[in-house]
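What follows is a set of notes on a single structure, which appears directly below.
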C-alpha cells in the first residue's frame, strides 16, 4: 500500500512532467514556425535572385542578337513576369526615320532553368498582303507588312543569287509620293563593298542607318524554290528578320563601324547562350583561316538609308544599286 505522502509526490511529479512536455511542445512549435518562415523567406529570396539572374542573362543574349539582326531597330522597353524559376519577358522595339520614332513590334519570350529563352507563340509574324503588280508578274511571294502598325517591312536580295527575275524595285514609287515624306529603304548592292566605299558612293544627304553584312557561307543554299516553268532552283528575298549587320546607337550619336559588328560577335561567343552556334558560324565564315576576323573581313551587301522621298530618288540609275525596297514611311509632322 502506497503511503499518502508518496501518492502526493507521484502527483506532483506527473504535473512537472506534463508541464515540461507542454513547454517542450510549445518551444518546438515556435522553433518549427520560425524555421519554416526563414526557409520560405530564404526560398523566396533565392527564387527571386535566381529568376532575375536567368532573366537578365537571357535578355543580354537577346539584346546581342538583336544588335546584329534587327535593321534600324532600337529597344523601347522590357517587361518581366517572374515565376518560380521561370518567367516571361516582353521586349518592345521602335525605329527612327529621319527623327520620327515608330513603335515597331514586341517579342514575347519564355524562360526557365532548362530552356533559357524561347519564343512564345512563334513570336512575331508579318501580314502578307497580295500586291496586284506582283501577282500579275507571278511573284512567288507577297510583300510583308508590320502587324502592329501596318508599315512595309524591308526585303533584301543577295548579289549573285538567282531570284528567277522576281526582284522588287520600289524606286519608281518614290515619284508618286509627296516629296517631303520621310522614307526608309533597303538598298541591295550588285556586289559586296566595304563601309568606306559605301559612304563614298552613296548620294550626299541620305542617312545611312544600318549596314547589311555578308554572312552567307553557302549562298547556293538560298536557292531552294523550283517550278514547272523553270528547271533551275531559285531563291526568295531575305526578310529584315533574316539578315545580319550593324547600325548606329543612341539615336545616331555614335557612328557605326565594322568593329561594332565584330565586338557583338565576340560577346555572343563569350556568353555561350542559345545563339552560340549562329555566332560561331558567322565568325568562322568571316575569319576564314585566321584566328579571328578583323574589320577588313566585314563586307557589305547592302545598306538601309532614310531621307525624303525626293532625296531617295537620287539612287536611281546608280550602278551599284541592284534593287531598293521600301520600309517605313512617315510624315514630317
Tally time: how many residues in segment 274-291 are part of a loop (DSSP other than H, G, I, E, B), over 26 Å from residue 160 (Cβ atoms) and touching a helix residue (DSSP H, G or I) at 6+ places or on another chain (Cβ under 8 Å)? 2
Which of (1) touching a residue at least 40 places away in the same chain (Cβ under 8 Å); (2) touching a helix residue (DSSP H, G or I) at 6+ places or on another chain (Cβ under 9 Å); (3) surrounded by 15 or more Cβ atoms within 10 Å (Cβ to Cβ); (4) within 26 Å of residue 94 (Cα to Cα) does residue 262 not meet, given it meets every other one? (1)
Going residue by residue through segment 242-258, is there one that turns out to be assigned to a helix (DSSP H, G or I) and either touching a strand residue (DSSP E or B) at 6+ places or on another chain (Cβ under 7 Å) or at negative phi (or both)? yes
Could you please find all residues in segment 199-217 being in a loop (DSSP other than H, G, I, E, B) and either in contact with a strand residue (DSSP E or B) (Cβ under 7 Å, 6 or more places away or on another chain) or over 18 Å from residue 305 (Cα atoms) (or both)? 202, 205, 206, 214, 215, 216, 217
Evaluate the following for residue 220: is it under 27 Å from residue 126 (Cα atoms) and either out of contact with any strand residue (DSSP E or B) (no Cβ under 9 Å at 6 or more places or on another chain) or free of Cβ contacts under 8 Å to residues at least 60 places away in the same chain (or both)? yes
Looking at segment 279-296, which of the residues that are in contact (Cβ under 8 Å) with a residue 12 or more places away in the chain and either buried (at least 18 other Cβ atoms within 10 Å of the Cβ) or within 20 Å of the chain's Cα centre (by Cα) (or both) is nearest to residue 55 (Cα to Cα)? 279
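Yes/no matrix, rows are residues, columns are (1) under 29 Å from the mean Cα position of the chain (by Cα); (2) surrounded by fewer than 19 Cβ atoms within 10 Å (Cβ to Cβ); (3) farther than 30 Å from residue 310 by Cβ:
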residue: 164; (1), (2), (3): no, no, yes
residue: 173; (1), (2), (3): no, yes, no
residue: 193; (1), (2), (3): yes, no, no
residue: 197; (1), (2), (3): yes, yes, no
Using the structure shown, decide if residue 268 is in contact (Cβ under 8 Å) with a residue 24 or more places away in the chain and out of contact with any helix residue (DSSP H, G or I) (no Cβ under 8 Å at 6 or more places or on another chain). no
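State whether the residues of segment 189-198 include one that is modelled with pLDDT of 95 or more, part of a helix (DSSP H, G or I) and touching a helix residue (DSSP H, G or I) at 6+ places or on another chain (Cβ under 8 Å).
yes
Out of 68, 64, which single residue is at pLDDT 85 or above, out of contact with any strand residue (DSSP E or B) (no Cβ under 8 Å at 6 or more places or on another chain), surrounded by 11 or more Cβ atoms within 10 Å (Cβ to Cβ) and part of a helix (DSSP H, G or I)?
Residue meeting the stated conditions: 64.
Tell me, please, whether a residue that is more than 21 Å from residue 188 (Cα to Cα), surrounded by 15 or more Cβ atoms within 10 Å (Cβ to Cβ), in contact with a strand residue (DSSP E or B) (Cβ under 7 Å, 6 or more places away or on another chain) and at pLDDT 95 or above can be found in segment 321-332. Spell out how you get there, then give the answer.
Applying the first criterion (more than 21 Å from residue 188 (Cα to Cα)) to segment 321-332 yields 330-332.
In the following step, the residues that additionally are surrounded by 15 or more Cβ atoms within 10 Å (Cβ to Cβ) were identified as 330.
Imposing the further condition that a residue be in contact with a strand residue (DSSP E or B) (Cβ under 7 Å, 6 or more places away or on another chain) reduces the set to 330.
Those still in the list that are at pLDDT 95 or above too: 330.
For segment 321-332, residues more than 21 Å from residue 188 (Cα to Cα), surrounded by 15 or more Cβ atoms within 10 Å (Cβ to Cβ), in contact with a strand residue (DSSP E or B) (Cβ under 7 Å, 6 or more places away or on another chain) and at pLDDT 95 or above: present.
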Taking segment 297-320 and keeping residues closer than 22 Å to residue 134 by Cβ and surrounded by 24 or more Cβ atoms within 10 Å (Cβ to Cβ) leaves 302, 304, 312
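Please work out if residue 84 is surrounded by fewer than 16 Cβ atoms within 10 Å (Cβ to Cβ) and at pLDDT below 80.
Yes, satisfied.
The values are calculated or read from the model by the stated rules, or taken from the named source; none is laboratory data. Owing to the predicted nature of the structure, the values given are computational and were not obtained by experimental measurement. Neighbour counts run over all protein chains shown; Cβ positions are idealised from the backbone, glycine included.
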